[in-house]
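Engineer: After the structure tokens below, expect a handful of questions from me.
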Amino acid sequence: MAGNGAAAFGGDNGPATAASLFYPSGIALDRAGNLFIADGYNLRIRRVDAKTGVITTVAGNGSQGYSGDNGPATSASLYFPGDVALDTAGNLFIAEESNHIRRVDAITDIITTVAGNGTLGYNGDNIPATTAGFRPSGVALDDAGNVFIADSTSHRIRRVDTTTGFITTVAGNGTAAYSGDDGPATMASLNYPQKVTVDSAGNLFVSDSNNDRIRRVDAVTHTITTAAGNGTRGFSGDDGSATSAMLNYPEGAAVDRSGNLFIADTGSNRIRQVPLGTSGISLSQNAINFGMVPIYSSPTVIVTITNTGDAAEVLTVVISGSATYTETDTCGTSVATNTSCAVNVTFSPLTLGAETGVLNINSSMPGGVRVVTLSGKGTTDTTTTILTSSADPSYLNQTFLLTAVVRPQFGGVPTGTVTFVQGTKSLITTPLINGQATYSLAYTTVGERLITAVYSGDVNDLGGTSAVLKQNVSSLPAATKTNITTSGSPSLVNQPVTFTATITSTYGPIPDGETIAFFDGTTAIGTATTTSGIATFNSSSLTARAHTIKASYPGDATFKPSAGTVKELVSLYPATTTVTSSLNPSVYGQAVQLSATVISAAPGGATGTVTFKNGGVWLGKATLSGGTATLTTAKLPVGTFSITATYDGDAQSGKSTSTALSQVVN
């Protein structure tokens, strides 16, 4: 329905089946049938329109992080959205493993945070949900709009009340274990619950993943029980009691409106059902992968169909897809209750490459079509050989590594050998290990060498030759690169700043003890010596302006010189100024003392002068002493005046002007 199988991002505003998804870990459907996908590693929520099949992004801008609240959801940053859910009004809820639950309004598309403070861990209950710490791996809502959260690392299920916004624990005591069945859910032990779902009656179903169980919390009594799984990891128990069955790290569960429980049995690569109805069929397997099959070979795989209900079922078996898949069956036209029949499926590839098909088992009872997916690949497979060098250019007598990687078109791990060839001369033949072969060599003369890697092929993979690699061999000295970084920009005047210069070369490490010169523009400001190719220089004397700091490596007989620059912006300390009056109101002709206080974080505080003004009229200037400057004046006429004090700044602190003081003269 969505995704083309490529682990990437792409395809928005086009057919969903052509789109690229990357670790889709949660899905939800709204009441119109539109599909919402938590596209985990693409850091987005995608929507597939039920009518057009077109996929779009409804939340997330593709950047990892936490931002964008109270703005458009598509402009927000998400941090690995692992699950999605919708309330009855169509509002979208997102479980981000950065410890937030976000909400996208169905009408405005504005995103907000409804739970989580951004920290991992459990910090208590009965507090506003937005102040709570947790790691949400799953989210669900009941019909009243209450939000349920699978807090996996705290081993709890949390609930956010839709009215109060407060968070509480509704299942789990915080201990990673299995205990508490038939008792209060909050006293039970869970073990990394990954998902939670709510049925139409308000009962909770918890994917208690590390306990290999599905737990149920009753909506009325709040008692916890096991709904499926016996606690032993594995796959067994089809057609038997759900609590006697083995599950393998179940990560998800869902309940339909009839109360049937569906389980994502993750480790078994199956979807399991706990039916409440009285009829149905089960399959011994849902998918057959024949793997790599030689041409014209015909292996047979048996799919056993069992009638698990209490009435006979009429079955029709139909195979579709590639013509090289065939089936025969013993099911006839009717399968009695508690009996089984067999379907024999064969794969006989006639051409090279992957082929797929579908085995449809149509039941006359409720449940519709059961599907077994078919896949296989006819061999021999075509391959691509890629040859790379660890150093190009390399230098006289420098040892470097040639690496040949052989990639079959349809996957698998090739075997056989690779021969490294220079021109027409074979250098060495070496076996593939995990699809890769390497060869180390060095040259004693300069020049260009043309090298290829020739793959021999094996029983499943065709041989081939790589593209020509042009290996250049140069004489010394070798090229170098100098990279310089700053400990922080912008910095404050007189604040220590550390500049780090790193010198590298493909020829090898830069010797210790080399002298690196540091410049502020064209002015030398100091030197430092290298240790493992790294030199650091500290400065606290940079003036308040933009600087270009350069690190220069002089080179030697083995390595060429190089230089690098970094921008460093040095700013003045910010200052704040306030003004007060000794008399307010005052009487005409009466002397009034105006006081300005300047606060600056600069060493020694603010120094210099302060200018006092009445509106735009200059009253006088005073010198700061201990952070305060005073001016006495009797020049103000009768009226109300706006008095300001402007600090003129110094070598460390920036200028600032006070808020106006309203001075009344009677």
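The values are calculated or read from the model by the stated rules, or taken from the named source; none is laboratory data. Because the structure is a prediction, the values reported are computed rather than measured. Glycine gets a Cβ as well: all are built from the backbone with ideal geometry, and neighbour counts include every protein chain shown. Protein only, heavy atoms only, side chains kept; ligands, DNA and RNA dropped before computing areas. Shrake-Rupley method; radii C 1.70, N 1.55, O 1.52, S 1.80 Å.
Engineer: Please go through the stretch 577-618 and pick out each residue that is surrounded by fewer than 16 Cβ atoms within 10 Å (Cβ to Cβ), within 47 Å of the chain's Cα centre (by Cα) and not hydrophobic (A, V, I, L, M, F, W, C).
Structural biologist: Correct list: 603, 604.
Residue-wise test of (1) of a type in the set (Ser, Thr, Tyr); (2) open to solvent by less than 10 Å² (accessible area, probe 1.4 Å); (3) farther than 19 Å from residue 37 by Cα; (4) over 18 Å from the mean Cα position of the chain (by Cα).
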residue	(1), (2), (3), (4)
60	no, yes, no, no
74	yes, no, no, no
79	yes, no, no, no
121	no, no, yes, yes
152	yes, yes, yes, no
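Engineer: Is it the case that some residue within the stretch 508-526 is more than 30 Å from residue 614 (Cα to Cα) and in contact (Cβ under 8 Å) with a residue 60 or more places away in the chain? Can you show your working first?
Structural biologist: Taking the stretch 508-526 as the starting set, the residues that turn out to be more than 30 Å from residue 614 (Cα to Cα) are 508-526.
Those still in the list that are in contact (Cβ under 8 Å) with a residue 60 or more places away in the chain too: 508.
Yes: one or more hits.
Engineer: Further, regarding this structure: Mind checking which residues of the stretch 549-560 are of a type outside the set (Ser, Thr, Tyr) and either without any contact (Cβ under 8 Å) to a residue 12 or more places away in the chain or open to solvent by less than 30 Å² (accessible area, probe 1.4 Å) (or both)?
Structural biologist: So the first thing to find is which residues in the stretch 549-560 are of a type outside the set (Ser, Thr, Tyr), and the list is 549-551, 554-557, 559-560.
Listed by number, the residues that qualify are 549, 551, 555, 559.
Engineer: Restricted to the stretch 178-199, and to residues that are among the aliphatic types (A, V, I, L, M) and more than 16 Å from residue 261 (Cβ to Cβ), which residue is surrounded by the most Cβ atoms within 10 Å (Cβ to Cβ)? Don't jump to the end; show me each part of the working.
Structural biologist: Going through the stretch 178-199, the residues among the aliphatic types (A, V, I, L, M) turn out to be 185, 187-188, 190, 196, 198.
Subsequent filtering for residues that are more than 16 Å from residue 261 (Cβ to Cβ) retains 185, 187-188, 190.
On the way: 185: 26, 187: 12, 188: 25, 190: 32.
Filtering first and then ranking leaves 190.
Engineer: Can you name every residue in the stretch 562-600 that is touching an Asp or Glu at 6+ places or on another chain (Cβ under 9 Å) and among the charged types (D, E, K, R)?
Structural biologist: The answer is 568, and nothing else.
Engineer: Please state which of the following conditions residue 92 fails to meet, knowing it meets all the rest: (1) open to solvent by 30 Å² or more (accessible area, probe 1.4 Å); (2) at pLDDT 95 or above.
Structural biologist: (1)
Engineer: I'd like to check which strands (runs of 3 or more DSSP E) are fully inside the stretch 1-114 and have at least 2 residues that are of a type in the set (A, V, I, L, M) and under 27 Å from residue 200 (Cα atoms). So that I can check it myself, show each step before the final result.
Structural biologist: Details: elements: 24-29, 35-39, 44-48, 54-59, 81-86, 92-96, 100-104.
Where strands (runs of 3 or more DSSP E) fall fully within the stretch 1-114 and carry at least 2 residues being of a type in the set (A, V, I, L, M) and under 27 Å from residue 200 (Cα atoms), they are 24-29, 35-39, 44-48, 81-86, 92-96, 100-104.
Engineer: Filter the stretch 566-575 for residues that are in a strand (DSSP E or B), surrounded by fewer than 16 Cβ atoms within 10 Å (Cβ to Cβ) and either at pLDDT below 95 or not charged (D, E, K, R) (or both) and give the result. Before you say what the answer is, go through the steps one by one.
Structural biologist: We begin by selecting, within the stretch 566-575, every residue in a strand (DSSP E or B); these are 566-571, 573, 575.
Retained after the next criterion (residues that are surrounded by fewer than 16 Cβ atoms within 10 Å (Cβ to Cβ)): 567, 569, 571.
Passing the criteria: 569, 571.
Engineer: For residue 247, all conditions in the list (1) open to solvent by less than 40 Å² (accessible area, probe 1.4 Å); (2) in contact with a helix residue (DSSP H, G or I) (Cβ under 6 Å, 6 or more places away or on another chain); (3) not β-branched (Val, Ile, Thr) hold save one; what is the number of the exception?
Structural biologist: Here residue 247 clears every test but (2).
Engineer: Only one of 234, 202, 267 is among the small types (Gly, Ala, Ser), touching a residue at least 60 places away in the same chain (Cβ under 8 Å) and either under 24 Å from residue 161 (Cβ atoms) or surrounded by fewer than 18 Cβ atoms within 10 Å (Cβ to Cβ) (or both). Can you tell me which? Can you show your working first?
Structural biologist: Numbers: 234 fails: touching a residue at least 60 places away in the same chain (Cβ under 8 Å); 267 fails: touching a residue at least 60 places away in the same chain (Cβ under 8 Å).
Just one listed residue meets the conditions, 202.
Engineer: Tally up the residues in the stretch 344-370 that are more than 16 Å from residue 290 (Cα to Cα) and at pLDDT 80 or above, please. Step through it out loud before you land on a result.
Structural biologist: Narrowing the stretch 344-370 to residues more than 16 Å from residue 290 (Cα to Cα): 360-370.
With at pLDDT 80 or above added as a condition, the list becomes none.
Residues in the stretch 344-370 being more than 16 Å from residue 290 (Cα to Cα) and at pLDDT 80 or above: 0 in total.
Engineer: Test residue 405 against the stated conditions and say whether it is without any contact (Cβ under 8 Å) to a residue 40 or more places away in the chain, farther than 30 Å from residue 475 by Cβ and assigned to a loop (DSSP other than H, G, I, E, B). Outline the logic, then answer.
Structural biologist: Values: without any contact (Cβ under 8 Å) to a residue 40 or more places away in the chain: yes; farther than 30 Å from residue 475 by Cβ: yes; assigned to a loop (DSSP other than H, G, I, E, B): no.
The answer is no for residue 405.
Engineer: Residues being in contact (Cβ under 8 Å) with a residue 60 or more places away in the chain and part of a helix (DSSP H, G or I): count how many of those fall in the stretch 142-159.
Structural biologist: 0
Engineer: What number of residues in the stretch 487-507 are in contact (Cβ under 8 Å) with a residue 12 or more places away in the chain and either under 30 Å from residue 455 (Cα atoms) or open to solvent by less than 40 Å² (accessible area, probe 1.4 Å) (or both)?
Structural biologist: Looking only at the stretch 487-507, we keep the residues that are in contact (Cβ under 8 Å) with a residue 12 or more places away in the chain, and these are 487, 489-507.
Filter once more, keeping what is either under 30 Å from residue 455 (Cα atoms) or open to solvent by less than 40 Å² (accessible area, probe 1.4 Å) (or both): 491, 493, 497, 499-501, 503, 505-507.
Adding up the residues that qualify gives 10.
Engineer: Quick one: in the stretch 510-528, which of the residues that are surrounded by 12 or more Cβ atoms within 10 Å (Cβ to Cβ) and among the β-branched types (Val, Ile, Thr) is farthest from residue 483 (Cα to Cα)?
Structural biologist: 525
Engineer: Test of understanding: among 629, 563, 546, which residue is open to solvent by less than 20 Å² (accessible area, probe 1.4 Å), modelled with pLDDT of 90 or more and not acidic (Asp, Glu)?
Structural biologist: 629
Engineer: When you scan the stretch 414-462, how many residues do you find that are surrounded by fewer than 17 Cβ atoms within 10 Å (Cβ to Cβ) and touching a Phe, Trp or Tyr at 6+ places or on another chain (Cβ under 6 Å)?
Structural biologist: 2
Engineer: Is it fair to say residue 627 is out of contact with any strand residue (DSSP E or B) (no Cβ under 9 Å at 6 or more places or on another chain), under 22 Å from residue 494 (Cβ atoms) and of a type outside the set (Lys, Arg)?
Structural biologist: Numbers: out of contact with any strand residue (DSSP E or B) (no Cβ under 9 Å at 6 or more places or on another chain): no; under 22 Å from residue 494 (Cβ atoms): yes; of a type outside the set (Lys, Arg): yes.
Here the answer is no, as residue 627 does not meet what is asked.
Engineer: Quick one: count up the residues across the stretch 463-483 that are part of a loop (DSSP other than H, G, I, E, B) and open to solvent by less than 40 Å² (accessible area, probe 1.4 Å).
Structural biologist: Taking the stretch 463-483 first, the residues part of a loop (DSSP other than H, G, I, E, B) are 463, 466-468, 475-477, 479-480.
If we keep only those that are open to solvent by less than 40 Å² (accessible area, probe 1.4 Å) too, we end up with 466, 480.
Count: 2.
Engineer: A further question on this structure: Among 33, 40, 14, 26, which is among the small types (Gly, Ala, Ser) and open to solvent by 20 Å² or more (accessible area, probe 1.4 Å)? Break it down into steps so the answer makes sense when it comes.
Structural biologist: On the way: 40 fails: open to solvent by 20 Å² or more (accessible area, probe 1.4 Å); 14 fails: open to solvent by 20 Å² or more (accessible area, probe 1.4 Å); 26 fails: open to solvent by 20 Å² or more (accessible area, probe 1.4 Å).
Matching residue, one of 33, 40, 14, 26: 33.
Engineer: Can you spot a residue in the stretch 218-237 that is in contact with a Leu (Cβ under 9 Å, 6 or more places away or on another chain), closer than 27 Å to residue 28 by Cβ and basic (Lys, Arg)?
Structural biologist: No, the stretch 218-237 contains no residue that is in contact with a Leu (Cβ under 9 Å, 6 or more places away or on another chain), closer than 27 Å to residue 28 by Cβ and basic (Lys, Arg).
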